[in-house]
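Below is one structure; the comments refer to it alone.
The values are calculated or read from the model by the stated rules, or taken from the named source; none is laboratory data. Fair warning: this is a prediction, and the values are worked out from it, not measured in the lab. Here the Cβ positions follow ideal geometry from the backbone for every residue, glycine too, while neighbour counts run over all protein chains shown. Protein only, heavy atoms only, side chains kept; ligands, DNA and RNA dropped before computing areas. Shrake-Rupley method; radii C 1.70, N 1.55, O 1.52, S 1.80 Å.
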Amino acid sequence: QQCVLTGSWVNDLGSNMTIGTLNGKGDFTGTYHTAVTATNNKILKSPLQGTQHRENQKSQPTFGFTVNWRFSDSVTVFTGQCFVDETGKEILKTMWLLRSSVDNIRDDWKATR
């Protein structure tokens with residue numbers, strides 16, 4: 001079975017992501033609506049851009065994407081792999097890094113989570 005990134009995804013915390021159709025190079029765009037944030041600003045849908053590795057023998061591709069948060073001065077990069085479990089369900093497993101804006105270089109240590 002093949003794992004396909006295109007479509008709507010919901011994570012364990014209730015965040016929603018929609019990934020559009022991949023182009024011939026494996027690039028895609030979409031939106032991310034997070035359910036979790038450290039800011040008091042109103043949460044807005046935010047654009048994402050990414051790419052999928054197209055050369056995968058097992059049809060469980062690796063991918064990465066960047067979210068440019070519309071409600072804060074931060075950007076998150078995600079990297080992961082799309083899996084098909086034993087019941088046929090598609091699952092994305094990811095890791096992320098979030099970079100927030102800080103006022104000066106002395107605060108750089110606390111800017112990346």
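Observations on the structure shown:
- Scope the range 84-98; condition buried (at least 16 other Cβ atoms within 10 Å of the Cβ), within 16 Å of THR6 (Cβ to Cβ) and of a type in the set (A, V, I, L, M); matching residues: VAL84, LEU92
- The residues in the range 54-71 that are buried (at least 19 other Cβ atoms within 10 Å of the Cβ) and either over 24 Å from GLY14 (Cβ atoms) or of a type in the set (S, T, N, Q) (or both) can be counted, and the count is 1.
- Checking TRP109, TRP9, TRP69 one by one, the residue that is aromatic (Phe, Trp, Tyr) and free of Cβ contacts under 8 Å to residues at least 12 places away in the same chain is TRP109 and no other.
- Of the residues screened, GLN81 is not one that is surrounded by 15 or more Cβ atoms within 10 Å (Cβ to Cβ) and touching a Cys at 6+ places or on another chain (Cβ under 8 Å).
- Search result, residues across the range 95-113 that are part of a loop (DSSP other than H, G, I, E, B) and not polar (S, T, N, Q): VAL102, ASP103, ALA111, ARG113
- Among the residues of the range 1-30, those identified as among the polar types (S, T, N, Q), outside any strand (DSSP E or B) and within 14 Å of the chain's Cα centre (by Cα) are THR6, ASN11, SER15.
- Yes/no for THR51 being open to solvent by 60 Å² or more (accessible area, probe 1.4 Å), under 16 Å from the mean Cα position of the chain (by Cα) and not charged (D, E, K, R): yes
- The selection criterion, being of a type outside the set (Phe, Trp, Tyr) and within 19 Å of GLY14 (Cβ to Cβ), holds for ASN41.
- Positions within the range 99-111 being open to solvent by less than 70 Å² (accessible area, probe 1.4 Å) and either more than 21 Å from VAL67 (Cα to Cα) or among the hydroxyl-bearing types (Ser, Thr, Tyr) (or both), in sequence order: SER100, ASN104, ASP107
- Within the range 73-83, restricting attention to residues that are assigned to a strand (DSSP E or B) and over 17 Å from CYS3 (Cβ atoms), the residue that is modelled with the highest pLDDT is VAL77.
- Test: SER46 is within 23 Å of SER101 (Cβ to Cβ), more than 11 Å from the chain's Cα centre (by Cα) and buried (at least 16 other Cβ atoms within 10 Å of the Cβ): no
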